[in-house]
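Worksheet for the structure shown next.
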Amino acid sequence: MGYAIAVDGPAGAGKSTIARLVARKMNLTYIDTGAMYRGIGIFIRDAGIDPDNEEAVCRAVAGVTMDIRYSGGSQHVFVNGRDVTEHLREEETGKLASQVSRYPAVRSRMVELQREMARNTDVIMDGRDIGTVVLPDAQLKIYLTASVDTRAMRRFRELSEKGEAADLSRIREDIRKRDDQDMHREVSPLRQADDALLLDTSDMTIEQVVERIEGLARIRRKNPKVVLAKTAGFCFGVQRAVKTVYDETKGSGPLYTYGEIIHNETVVSDLQKHGVKVLDTPEDVKKAKKGTVVIRSHGVAKDVYDGLQKDGFRIVDATCPFVLKIHQIAREVTSGDGELIIVGDRTHPEVEGICGWCRKPATVIDTKEEADSLIFPENAKLTVVSQTTFNLQKFEEIVEIIRAKGYNTIVCNTICSATEERQTEARRIAATVDAMIVIGGKKSSNTRKLYEICKRECPETYLIQTFADLNLISLAKADSIGITAGASTPNTIIEEVLHNV
């Protein structure tokens, strides 16, 4: 077998249109197996054979010949030498194809013809059982689908544009019946192959779907070396916080998190499905029914704790232990005559929380320029801490500038060990690959830092939330690809990216 792409999926998912366009862009031979079965349906009808008479149908199909030719850029299907193309898209033809495809002998004959076509050329083939039965060793398998309503509307528009009478509700019901028939037939039922990529096209344009499959195909064809960082994914603090909330969902009464528990939209969305609501402000707390509030991993200011207790909420603290350590330092330093300098993003929840434990205002900086412009009294006692997810190299550069000013300075490197290890490994991998993928939430500070680190080492670095965000066409140029992920990225998303790349 040459290079093969198998595209399966239910009726009306756009398999033929998409496969034809991918074939054109990648110079592959397109084999429309649906058209082949439709051709058999036309053959049976014109021969006057009852499609419910299995014996008669199978006897007639046993010796049938079929050929797919291209003329003027269009595909033509020939059955026993006769061109049946003009009748392929008729609604009755589709029903006949579904009927005769139930019979083992018919499917066996079709598989023989389809495998023969794929044996000596590079192909893209679409149907109902290509990845599971016809071409189980295909290099790329796609399960293309869309909602019933989307598929019905597509078919309705197609028929209307041809000037044919179309009833949307009837088309919708026919699609449901065909789905049920295809999925529950005894021989080669419609199902997604274990190693196939599920691609729901309900909210995608044709161009987006084609680009997605083309990119995947080019990556698989190139077969790049892929390196996954061992430190990618949930750190201890995030894992602890997320587990805490899921454990609390098993209880009774209203459940909230103060702020998003972690900066990952997928996790936050799933928790919402479990009934967890997010409180972002003291005003939200006032409006909420009394219940349990889980404090986010980033921590919160002391007045937030006090307010929740005063309002009668049960508090479960999921603040990362590394962050709690900084709260203690902040409280102790600002209780005396020392000055606290926090190196981090002043708008980040973690930094806002740290500031909320200070007895007097702290100084927050996050650039070398801000460090250079710091001015304190000559005898000032400075204590420098860092946001736990800050860029280690950048922190060290800022600290050197502060030390050079000659103040009495104590430096507490409060970047968590997991962050240091993650950044060090990401930098090492990015320096050795052609392309680097960093996975994480849009709001995640540690993910942005990872991206910055990798981008300096590898210009072709891509920051994504899920596999769907990945520019596969650009990635397909790489002979080696590295993958890492922020501390708030679930393993399921990392595995999806790894599997498909």
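Computed 3J(HN,Hα) for the stretch 135-152, one whole-Hz value per residue from the Karplus formula 6.51 cos²θ - 1.76 cosθ + 1.60 where θ = phi - 60°, is 10, x, 9, 4, 5, 9, 10, 10, 10, 9, 9, 6, 5, 4, 4, 5, 5, 5, glycine and proline marked x. Counted residue by residue at 0.36 nm each, then reduced by the alpha carbon distance between them, the extension gain from Ile315 to Ser74 reaches 80.1 nm.
Remark: the stretch 248-315 carries a charge dipole of roughly 320 debye about the Cα centre, counting +1 on each Lys and Arg Cβ and -1 on each Asp and Glu Cβ. If you sort the three axes of the alpha carbon gyration tensor as a ≥ b ≥ c, you get a/c of 1.5 or more for the chain and a/b above b/c, which makes it prolate.
Semi-axis lengths, largest first, of the ellipsoid equivalent to the stretch 282-353 are 25, 13, 12 Å, with √(5λ) applied to each eigenvalue of the Cα gyration tensor. For the stretch 219-345, the pair-distance distribution built from all alpha carbon pairs, in bins 10 Å wide starting at 0, is 11, 35, 28, 15, 7, 3, 0 percent. Would any residue of the stretch 103-118 have its amide N under 16 Å from a label point 7 Å out along Cα→Cβ of Asp52? List them or say none. Flagged as within label range: 103.
As I understand it, the value is the acute angle between the Cα axis of helix 91-100 and the longest principal axis of the Cα atoms of the chain; what does it come to in degrees, rounded to 10? Taking the Cα atoms of the chain, the angle to 91-100 is about 90 degrees. For the stretch 258-270, putting each phi into the Karplus relation 6.51 cos²θ - 1.76 cosθ + 1.60 with θ = phi - 60° gives couplings of 8, x, 5, 4, 9, 8, 8, 5, 5, 5, 4, 5, 5 Hz, in residue order, rounded to whole numbers and with x for Gly and Pro.
FRET efficiency for the Asn379 to Glu283 pair, using the beta carbon distance and R₀ = 45 Å, is estimated at 0.55.
Rounded to the nearest 0.05, the FRET efficiency derived from the C-beta distance between Ser335 and Lys230 at R0 = 51 Å is 0.80. On a per residue basis, the convex hull of the C-alpha atoms belonging to the stretch 322-414 measures out at 82 Å³. Positive-end ranking of Ile40, Ser16, Leu28 along the dipole of the stretch 1-96, with charges on Cβ about the Cα centre, is headed by Leu28. Skipping prolines and chain starts, which residues have an amide H placed within reach, meaning under 5 Å, of the one on Gln139, given they are 5 or more residues away or on another chain? Amide H to amide H, under 5 Å and 5 or more residues apart or across chains, Gln139 pairs with Ala4.
For the chain, the relative contact order is 15 percent, taking Cα pairs closer than 8 Å that sit 6 or more residues apart in sequence and dividing their mean separation by the residue count. Pairs from the list Lys250/Lys277; Lys225/Lys477; Lys325/Lys394; Lys302/Lys360; Lys230/Lys442; Lys360/Lys381 with a Cα-Cα gap above 18 Å: Lys325/Lys394; Lys230/Lys442. Can you check what the net charge comes to around Glu457, using other residues whose Cβ is under 15 Å from the Cβ of Glu457 (Lys, Arg +1; Asp, Glu -1)? After counting each charged neighbour, the total is +3.
For the stretch 248-315, the spread of Cα coordinates along the three principal axes comes to 31, 25, 18 Å, biggest extent given first. Peptides 271-279, 196-204, 390-398 ranked from most to least packed, by the mean per-residue count of other Cβ atoms within 10 Å: 390-398, 196-204, 271-279.
By DSSP, the beta bridges lying fully in the chain are antiparallel in about 15 percent of cases. Here the simple spin-label model places points 7 Å from the Cα toward Cβ, and for Asn413 and Asp434 these points are separated by 3.6 nm.
So what is the relative contact order for the stretch 294-363, in percent, with contacts set as C-alpha pairs under 8 Å and at least six apart? RCO, the stretch 294-363: 41 percent. Each pair of Cα atoms in the stretch 445-485 enters the Kirkwood radius, and Stokes-Einstein at 20 °C and 1.002 mPa s then converts it into a translational diffusion coefficient of 195 µm²/s.
Placing unit charges on each Cβ (+1 for Lys and Arg, -1 for Asp and Glu) gives the stretch 375-454 a dipole about its Cα centre, and among Cys454, Gly441, Thr389 the Cα reaching farthest toward its positive end belongs to Gly441. Based on Cα atoms of the stretch 194-250, Rg over Rh with Rh as the Kirkwood radius reads 1.18.
The charge dipole of the stretch 310-389, taken about its Cα centre with unit charges on the Cβ of Lys, Arg, Asp and Glu (plus for the first two, minus for the last two), comes to roughly 400 debye. Per the Debye calculation on the stretch 118-235 with a single equal scatterer at every Cα and no solvent contribution, log₁₀ I(q)/I(0) for q = 0.12, 0.15, 0.19 Å⁻¹ amounts to -0.62, -0.89, -1.19. The ranking of Lys287, Lys230, Lys443, Lys141 by Cβ neighbour count inside 10 Å, starting from the fewest, reads Lys287, Lys230, Lys443, Lys141. How much of the DSSP bridge set in the stretch 4-222 is antiparallel, in percent, rounded to the nearest 5? So the antiparallel bridges amount to about 30 percent of the total. If you plug the beta carbon distance of Asn491 and Ser108 into 1/(1 + (r/R0)^6) with R0 = 60 Å, you get a FRET efficiency near 0.90. Using the average count of surrounding beta-carbon atoms within 10 Å as a protection proxy, the listed peptides 419-431, 154-166, 444-456 rank, highest first, as 444-456, 419-431, 154-166. Taking 7 Å steps out from each Cα toward its Cβ at Asp194 and Arg346 produces label points 5.6 nm apart.
Taking Cα centre as origin and charging only the Cβ of basic (Lys, Arg, +1) and acidic (Asp, Glu, -1) residues, the dipole magnitude of the chain rounds to 400 debye. Within the same chain, lysines fewer than 8 places from Lys177 are excluded, and of the rest, those with a Cα less than 19 Å from its Cα are Lys15, Lys95. Express in % the proportion of alpha carbon pairs of the stretch 2-93 at distances exceeding 22 Å. Percent of Cα pairs beyond 22 Å in the stretch 2-93: 34.
The residue among Ala6, Ile171, Ala152 whose Cα reaches farthest toward the positive pole of the charge dipole of the stretch 4-222, with charges on the beta-carbon of Lys, Arg, Asp and Glu, is Ala6. Distance distribution P(r), the stretch 64-148, all Cα-Cα pairs, bin width 5 angstrom from 0: 3, 11, 18, 24, 25, 14, 5, 0 percent. The helix-based estimate of mean residue ellipticity at 222 nm for the chain, built from -39,500 (n - 2.57) per DSSP H run of four or more residues and divided by its residue count, is -13500 deg cm²/dmol to the nearest 500.
With a sphere of radius 10 Å drawn around the Cβ of Ala196, what net charge do the other residues whose Cβ falls strictly inside it have (Lys, Arg +1; Asp, Glu -1)? Overall, the nearby charge balance is -1.
Residues of the stretch 145-163 with backbone nitrogen within less than 16 Å of a virtual label 7 Å along the Cα-to-Cβ line of Lys177, please, listed as ranges. Output list for this probe position: 152.
With contacts taken as Cα pairs under 8 Å at a separation of at least 6 residues, the stretch 322-414 carries a relative contact order of 32 percent. Between the C-alpha center of the stretch 258-295 and that of the stretch 8-69 there is a gap of 53 Å.
Net charge near Ala468: determine it from the other residues with C-beta under 11 Å of the C-beta of Ala468, scoring Lys and Arg +1 and Asp and Glu -1. Taking every other residue near Ala468 into account, the sum is -3. The long axis of helix 236-248 is offset from the longest Cα principal axis of the chain by roughly 70 degrees. What the Cα convex hull of the stretch 4-222 gives, in volume per residue, is 123 Å³.
Every number here is computed from the coordinates shown, using simple stated rules; none is lab data. Because the structure is predicted, anything quoted here is derived from the model rather than measured. Virtual Cβ from ideal backbone geometry, glycine too; neighbours counted across all protein chains shown.
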